[in-house]
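Have a look at the structure below before the remarks.
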Amino acid sequence: MRTEMLYIIAGMAVVTYLTRISFLILVGRIVLPGFLSRGLKFIPIGILTAFVIPGLMITGGQVNLTLGNYYLLAGLVSGLVAARWKNVFLAMGSGMLMMVILKSTF
């Protein structure tokens, strides 16, 4: 491997490390305004939604909102169970069970 490539990889590693460690160092020293700390609480659900929704709605490269989209149906069941019982394992289990039932029946 060329020396330039090793320098580039090492530089990227240092930059990645510094950006991640900076938040750990500064977390106790900086007081964020109220609106910002309230807004930061919604980041995890926003990221999770951005990952999950395309997987449920897009099949074969196109949006599929029909009853033939088993991923969407299983996701809806899982979401309803999660909203009702507030149990992650029950929600995951119900979604997987629904997917097994749909794939084995239809």
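The values are calculated or read from the model by the stated rules, or taken from the named source; none is laboratory data. These numbers come from a predicted model, not from an experiment. Note: ideal-geometry Cβ built from the backbone for every residue, glycine included; neighbour counts use all protein chains shown.
Restricting to the stretch 25-77, what's the tally of residues that are under 21 Å from the mean Cα position of the chain (by Cα), hydroxyl-bearing (Ser, Thr, Tyr) and either assigned to a helix (DSSP H, G or I) or surrounded by fewer than 10 Cβ atoms within 10 Å (Cβ to Cβ) (or both)?
So the answer is 4.
Kindly indicate whether any position in the stretch 51-71 is on the phi > 0 side of the Ramachandran plot and of a type outside the set (Lys, Arg).
First, the residues of the stretch 51-71 that are on the phi > 0 side of the Ramachandran plot: 60-61.
Filter again for of a type outside the set (Lys, Arg), leaving 60-61.
Yes; the residues of the stretch 51-71 include at least one that is on the phi > 0 side of the Ramachandran plot and of a type outside the set (Lys, Arg).
Just checking, which of LEU40, LEU56 is closer than 30 Å to MET92 by Cβ and touching a helix residue (DSSP H, G or I) at 6+ places or on another chain (Cβ under 7 Å)?
After applying the criteria, what remains is LEU56.
Would it be correct to say that VAL27 is modelled with pLDDT of 95 or more, farther than 27 Å from GLY93 by Cβ and of a type outside the set (S, T, N, Q)?
It is false that VAL27 is modelled with pLDDT of 95 or more, farther than 27 Å from GLY93 by Cβ and of a type outside the set (S, T, N, Q).
From LEU36, LEU80, LEU72, LEU65, grab the single residue that is of a type outside the set (Val, Ile, Thr) and farther than 30 Å from SER104 by Cβ.
Exactly one residue qualifies, and that residue is LEU36.
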